[in-house]
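Encoded as structure tokens, the structure appears first; notes follow it.
Read-outs: derived from the displayed coordinates by stated rules, not from any lab. It should be emphasised that the depicted structure is a prediction, and the values quoted were computed from it without experimental measurement. So basically every Cβ, Gly included, is an ideal-geometry build from the backbone, and we count neighbours across all protein chains shown.
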Number of protein chains: 2
Amino acid sequence: MSYQLPEGRRLVVVGGVAAGLSAASRARKLDADMQITVLERGPVVSYGACGLPYWIEGQVSDREELLVHSPEFFARERSIQVEINTAVTEIAHGRRRVLLSDGRELPYDRLVLAMGTVARVPEIDGVDAPHVFAAHTWQDFGRLHSFLADRKPATAVVVGAGFVGLEMAEALRMRGLRVTVVEAGAHPLRWHEQWLSQRIRERMGQFQIALHTSHRARQIREGFLDDFPADLVIVAAGIRPATELAQQAGIALARNGAVVVDEHLETSLPGVFAAGDCASTYHRVKQTLDWIPLGTTANKMGLVAGANATGARERFPGVVGTSIVKVCGMAVATTGLSPGAARQVGFDAVAARISARSRPGYFFGEMLEVELVAERRSGRLLGAAVVGDRDVEGRINVVATALGAGMTLDEFQFTDLCYAPPYAPTWDPVLVAARQLRNVREQS
Amino acid sequence: MSYQLPEGRRLVVVGGVAAGLSAASRARKLDADMQITVLERGPVVSYGACGLPYWIEGQVSDREELLVHSPEFFARERSIQVEINTAVTEIAHGRRRVLLSDGRELPYDRLVLAMGTVARVPEIDGVDAPHVFAAHTWQDFGRLHSFLADRKPATAVVVGAGFVGLEMAEALRMRGLRVTVVEAGAHPLRWHEQWLSQRIRERMGQFQIALHTSHRARQIREGFLDDFPADLVIVAAGIRPATELAQQAGIALARNGAVVVDEHLETSLPGVFAAGDCASTYHRVKQTLDWIPLGTTANKMGLVAGANATGARERFPGVVGTSIVKVCGMAVATTGLSPGAARQVGFDAVAARISARSRPGYFFGEMLEVELVAERRSGRLLGAAVVGDRDVEGRINVVATALGAGMTLDEFQFTDLCYAPPYAPTWDPVLVAARQLRNVREQS
């Protein structure tokens, strides 16, 4: 028996950051009459969470700059009711109600889940000490910012060498702290190839940040994490989908805890949609559901979930796994699958890596390293990594677009990219990599 | 009766700049034994012709920097014989011979035509005066460079507001000259939309370069072109394919004079290939043969022509018409068809134009303007223009890749582009444009 949209259309959105407000706004755009309520457990909504490390670094001078819109804006401009500091304690889907922390019950006809993630807290002795901070929520960063101002720590250890860990390490180093990063895994970030780990380590070394991989943090005590000096400890050891509510409501979750959604972003409960970091995303290269929480994806998914909550049937095609992060001034961008990851999911992958300038030398072209991955037999592109100080984002985006289109190396190699000495060389580095990979394929 | 590859494989390449040497080098790579000769009418080969305006500007300090490889390099490293200052006067295809200006005859089995272009000389009274220069060949630029150094002209008029005209105007302005540009057409460059012409005019105005469109130059006399002060005149009023030789040999030419080629870059004479600026290129958006002479395309075509001259059957898929040019520090990039051009070739085109930042403001994001064009019914992407001071090339390349893949707006709008505050906003400007165009389509 499928769920029928009732006359009184009430949309409740759980979560008011990227996906939630994107969903609410899109629903309003498509449906002027729907009653739309957004419930946010935190004290602020609609903020650029990814900018918070740069507030610590000093690039963002005032945290308020990261606030995009206020609850009042949503009420006034979009007739969307936004309630902050309001946690949902239960989804009673049988009665189409959410139960709130203040005891209220809110009825809904359609529900969008956009609860985001929570920080994983690793089992480290002393992790609850007052000089230990997560770097996840608006409040986490507020506390950290005050601690830095008040206590002026001289040394820090960052636990975890993912995006946030590396951004925080750089931010603290720029503030003058001595910084050590410890990572339990063998590699920083996600592109687990030796050359890229080496570049990251070298660059961090130039910034006098020590990176210790394959080190599982054990103990935090006054002034130290294990043997590393630490007046301050940042725990950035990963996140997980905030999906307890969904689970309790009987909504199907993937093994990684993310809400399972179909291409319309509908969950296993009809009329209930999920978007953003709490939801699964289809990985177009792997061709399976995956979980890659990122702000830009959250915004896109929000649009689709919001539209479909009004009765549309839009489709979210998924992601190819594109990301970029600044590591001590160096851009590290990846999309699709690394050679190792491709093999792990069963592709017979070939890869080539080249160095080439982003522009002619006389226009200060940057030396870029590009690794390109393809399936041996079909030549289908599977992924790329691009590393350099500048001019990286455009190159990874070209490969991301090609991955989205399912292009093969033969199709990709003659892509008509722009050329003029102030902006690009005759052969763009990504095409140099494509030609090199074509040689590798032919010779293998 | 089709042409059979004889035992003695002799390849002659006519033209030694981008396409010609790319063809010769590729042929050598695939065939170690072929006898390969490159004939170049000019005094140098293998140079970055597009860098010459920047030598005038001063960005390139020594013209020799633009020389990639010498004839000796090709002889020594690739066993390719390169003859400079050697013009071909006739192709005697019946006897498989080219006749040279010095009276010699050179036999061939396969021929690659890569003669490039010649500058059009408009009918202007006084165009032969010694202070009038083309800006096309190595020699043109040499003469101009000497004139600037010796005569120190204070004023200049540039005839033609195409790529080279605008680059030369900026180069001369940067050297301190008072510069006027006159253009016979109603718009500069190729994207004939009022807003873009306006941006170009404004920017040139800021650099104190006057742009007079719809002005057909009539007379050059001492110190003036028409009423504009001109101690120096640059004629950059277009180019045409250098295809007299091909025509005399009975090779089919398009109405625009470019050699007609098939997808293997073979001409109407079997065994004779053409590549680069003298040849037609398939336009993947228009889906017809076109003529868009550009250095990067010439290099790509050279690879295919060179391979096929050795007996391979590689395919050149064509271009989508991507270009970028610096106009007084502003990057103007286009790909595919403008709204007007799309309608002219029969598309029911819709367009949207937006302004958006390339990165968050706190990372000095550049304000970009993006115009995106699609077919109304199918939503198929047809073209884009991107304008801004920085961060333009990556955006146009994303659309160029999407055009090459034949993507529709629905497919394109969720392209998984990279996001992180130092490099890109949550919604990349090209995706903002896609969403806006989607609204335009729905409402039209």
- Select from A:Phe73, A:Tyr54, A:Ala420 the residue farthest towards the positive end of the dipole of chain A; place +1 on Cβ of Lys and Arg, -1 on Cβ of Asp and Glu, and compute about the Cα centre. A:Ala420
- Task: Counting other beta carbons within 10 Å of each Cβ, put A:Asp410, B:Asp348 in order, fewest first.
- Result: B:Asp348, A:Asp410
- Message: Using a label point 7 Å beyond Cα on the Cα-Cβ vector, give me the inter-copy distances for A:Arg255 in nanometres, one decimal, shortest first.
- Response: 6.3
- Query: Out of the DSSP beta bridges found with both residues in chain A, what percent are antiparallel (nearest 5)?
  - Reply: 60 percent
- Task: List the residue from chain A whose beta-carbon is nearest to the axis that rotates chain A onto chain B, together with that distance in whole Å.
- Result: A:Gly394, 1
- Once normalised by the length of chain A, the mean sequence separation of its alpha carbon contacts under 8 Å that are 6 or more apart gives a contact order in percent of 14 percent
- Message: Using Stokes-Einstein with the Kirkwood hydrodynamic radius over Cα pairs, what translational diffusion coefficient do you get for segment A:125-199 at 10 °C and a viscosity of 1.306 mPa s, in µm²/s rounded to a whole number?
- Response: 118 µm²/s
- Figure the gain on full extension for B:His192 and B:Phe73 (residue separation times 0.36 nm, minus the Cα-Cα span) and round it to one decimal in nm. 38.5 nm
- Descending Cα extents along the principal axes, chain B, whole Å: 63, 56, 40
- Hey, for B:Asp125 with labels 7 Å out along Cα-Cβ, what do the inter-copy distances come to in nm, ordered shortest first? 9.8
- Item | Rough spin-label spacing in nm, given labels placed 7 Å along Cα→Cβ, for B:Phe207 and A:Arg315 | 4.6 nm
- Task: Classify segment B:12-147 as rounded, prolate or oblate from the Cα gyration tensor: take a ≥ b ≥ c as the square roots of its eigenvalues, call it rounded if a/c is under 1.5, otherwise prolate when a/b beats b/c and oblate if not.
- Result: oblate
- Message: In Å and on Cα atoms, what radius of gyration and Dmax does segment A:198-238 show?
- Response: 11.6, 33
- Note on the structure: Across 5 Å bins beginning at 0, the whole-percent shares of Cα-Cα pair distances in segment A:48-118 come to 3, 12, 15, 17, 18, 14, 9, 6, 3, 0
- Message: Just to be sure I understand: of the beta bridges DSSP finds with both ends in segment A:1-109, what percent are antiparallel, rounded to 5?
- Response: 45 percent
- Message: Across segment A:1-86, what fraction of all alpha-carbon pairs, as a whole percent, falls in each successive 10 Å bin from zero upward?
- Response: 17, 43, 26, 11, 3, 0
- Ignoring GluC sites (Glu not before Pro) buried by more than 11 other Cβ within 10 Å or outside DSSP loops, the longest site-free run in chain A is A:223-444
- Give me a single rounded figure for B:388-395: the average over its residues of other chain Cβ atoms within 10 Å of their Cβ. 5
- Final fewest-first order of A:Cys50, A:Cys278, B:Cys418 on the 10 Å Cβ neighbour count is A:Cys50, B:Cys418, A:Cys278
- Provide Rg over Rh for segment B:204-317; use the alpha carbon set for both Rg and the Kirkwood Rh (inverse mean inverse pair distance). 1.16
- Cβ density ranking, 10 Å radius, fewest first, applied to B:Leu113, B:Leu289, B:Leu232 yields B:Leu289, B:Leu232, B:Leu113
- Could you bin all the Cα-Cα distances of the protein assembly as shown into 20 Å bins starting at 0 and give me the percent of pairs in each, rounded to whole numbers? 14, 41, 31, 13, 1, 0
- Ordered by residue, what ³J(HN,Hα) values in Hz, to whole numbers, does segment B:103-118 give under the Karplus form 6.51 cos²θ - 1.76 cosθ + 1.60, where θ = phi - 60° and Gly and Pro are x? x, 6, 10, 10, x, 9, 9, 10, 10, 10, 9, 9, 7, x, 10, 10
- Per the helix-only calculation at 222 nm, which mean residue ellipticity applies to chain A, given -39500 (n - 2.57) for every DSSP H run of n ≥ 4 and division by its residues, nearest 500 deg cm²/dmol? -8000 deg cm²/dmol
- Report the semi-axes of the equivalent ellipsoid for segment A:250-331 in whole Å, largest first, where each axis is √(5λ) for an eigenvalue λ of the Cα gyration tensor. 24, 14, 11
- Task: Under 1.5 on a/c is rounded, so check that first for segment A:293-444, then, if it is not, pick prolate when a/b is larger than b/c and oblate when it is not; a ≥ b ≥ c are the square roots of the alpha carbon gyration tensor eigenvalues.
- Result: oblate
- Task: Can you pull the one-decimal nm distance between simple spin-label points at B:Asp128 and B:Arg143, each 7 Å off the Cα toward Cβ?
- Result: 1.2 nm
- Message: Rounded to whole Å, give me the distance from the Cα center of segment B:164-220 to that of segment A:129-189.
- Response: 52 Å
- In nm, what does the list of distances from A:Ser378 to its counterparts in the other copies look like, shortest first, when each label sits 7 Å along Cα to Cβ? 2.3
- In a Gaussian network model over chain B where Cα atoms closer than 10 Å are linked, find which of B:Arg173, B:Arg28, B:Arg151 has the largest mean-square fluctuation. B:Arg151
- Item | Hypothetical label at A:Arg216: residues of segment A:177-209 whose amide nitrogen lies under 20 Å (7 Å Cα-Cβ projection) | A:181-189
- Relative contact order (%) - segment A:292-360, alpha-carbon pairs under 8 angstrom, separation at least six: 16 percent
- Residues other than A:Pro425 with Cβ under 9 Å of its Cβ, Lys/Arg counted +1 and Asp/Glu -1, net out at +1
- Message: What does the structure give for B:400-407 when I average, per residue, the other chain Cβ atoms found within 10 Å of the residue Cβ?
- Response: 6
- Could you check what % of the DSSP bridge pairs in the protein assembly as shown are antiparallel, to the nearest 5? 60 percent
